[in-house]
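Notes for the one structure printed next.
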Amino acid sequence: MSLRERIRKVFRHGDASVEEVLVAAGRLGCPVNLSYVDRNRVLRNLNCHVSSIRKNRVMLKLDDSQAASVFNQEKCYIYLKLPPAAMEKLHFVRDPKQNGFLCKSSIAECFPDEEDVTRKVAIAMPRSYIRRELRSHERYRVFSGMLADAALWIMDGVQGGQFVARDPDFTCNPGMPSSLRIVNISAGGARVIIEKTDYLEELANVDQKTFLLRLGLNIVPGEVLDTYIICGCVGSNYSIEQRRFTLRLSFLLSRNSQDSQIRQNAALNEISQWLNNFYREKA
């Protein structure tokens, strides 16, 4: 614990520095949104996370690779949210429930590979932050150890989000070749990637379809929390070069039978509680 942290802990005075907030975000794997306007005056919003902090620079690892040409030392903003346990550990005494942080910075450098694409960007260490609420739920990056397995079904209009007995359309099994990857989750939704797929007819007009997402969440070794959640798609992107389909799913409240409503509400509560417990222990 640094001298600054010890003094603040004793006297309960002053909020954490921007560097302390970013270190906590990196340690917990909190999703970070990097936004900037590129040289073509196009607003870009990239999902990433803090990988390290070096010499007054913050190293960001992008969730998806980008062409190096889209970075040109532009001014930028990063936004992140810390879980309640991290806010408590950093001794925020003013509005502790306000856990969103908006920071102004600039892109210092990107690190392209031989094909001129990059998944790593350095930004200047922000001088300060503004505590602001931009998201209704904290998003948590999914990393090794969190997920036992996962599956995704594409539902048709007749099924209307009912549970099904057929095999899933896409599956995720950590450590094995998988067609599905869970990038991050929250109490309100998930960001998933379907790997190595063509633009299937089943994925056309995804904003009008219903999905069923199964998440097998590790509790302790040998114990898994199985949750089935009905989802709608609120955003999607298909990369022809990478044959990758990215979906932003929103967890829906069931409008079908009372039994399905009870199951859906129970699943949402279980996920919310699991996220709180997991990140409280990790903090």
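Odds and ends about this structure:
- Sparse-neighbourhood loop sites, chymotrypsin sites (Phe, Trp or Tyr not before Pro) in the stretch 193-238 - DSSP loop, at most 13 other Cβ within 10 angstrom: 199
- Taking all protein chains as they are arranged and a probe of 1.4 Å, the heavy atoms of residue 111 leave approximately 80 Å² accessible to solvent.
- Mean shadow area of the stretch 46-124 over all directions, Cα convex hull, nm²: 5.9
- Shown here for the stretch 152-242: GluC sites (Glu not before Pro) in loop regions (DSSP other than H, G, I, E, B) with at most 14 other Cβ atoms within 10 Å, namely 241.
The values are calculated or read from the model by the stated rules, or taken from the named source; none is laboratory data. Since we're looking at a predicted model, the values are computed, not measured. So basically every Cβ, Gly included, is an ideal-geometry build from the backbone, and we count neighbours across all protein chains shown. Please note that ligands, DNA and RNA were not included when accessible areas were found on the heavy atoms of the full protein model with its side chains. Shrake-Rupley method; radii C 1.70, N 1.55, O 1.52, S 1.80 Å.
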